[in-house]
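FYI, it's all coordinate maths here, none of it is from the lab. From a predicted model like this one, the values you see are computed outputs, not experimental measurements. Note: ideal-geometry Cβ built from the backbone for every residue, glycine included; neighbour counts use all protein chains shown.
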Amino acid sequence: MFGKYLEEAVAGETYQGRPIVIKYFATPKDVEHCQILYAGSSTNAAKLAGDRPVLTIGERPDFMKQKGLLRFYQDGNKVRIEINQSAASAAGLVVSSKLLSLATIYQEK
């Protein structure tokens, strides 16, 4: 659902002088050099990322239960962000305070 918007958002963008590129993966081996992994509606990003420090992003309601790090979801006509801080810490990633202030923090049940 949000994949095409992600592609549009990064079109022509760079980070530290390097272009941001959207690629599509099917196996964990393909993800070897990936830093941010967006999981579509049928992909388990945590399985693809393995134990590598990869920012996993998804949109399925069960994404956070699968150790996803950041989830986009719709709330009425707005897109919201949910963050799994414990999964981020386990992956060796630090979530910025700016992003945390915009997000809902996932609480494992």
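Taking a straight Cα-Cα cut-off under 21 Å and skipping sequence neighbours fewer than 8 places away in the same chain, the lysines within cross-link reach of Lys98 are Lys78.
A DSSP coil position with no more than 13 other Cβ atoms inside 10 Å describes the following GluC sites (Glu not before Pro) in the stretch 1-104: Glu13, Glu32.
Just the Kirkwood number for the chain, please: inverse of mean 1/r across all distinct Cα pairs, in Å, one decimal. By the Kirkwood definition, the hydrodynamic radius is 14.5 Å.
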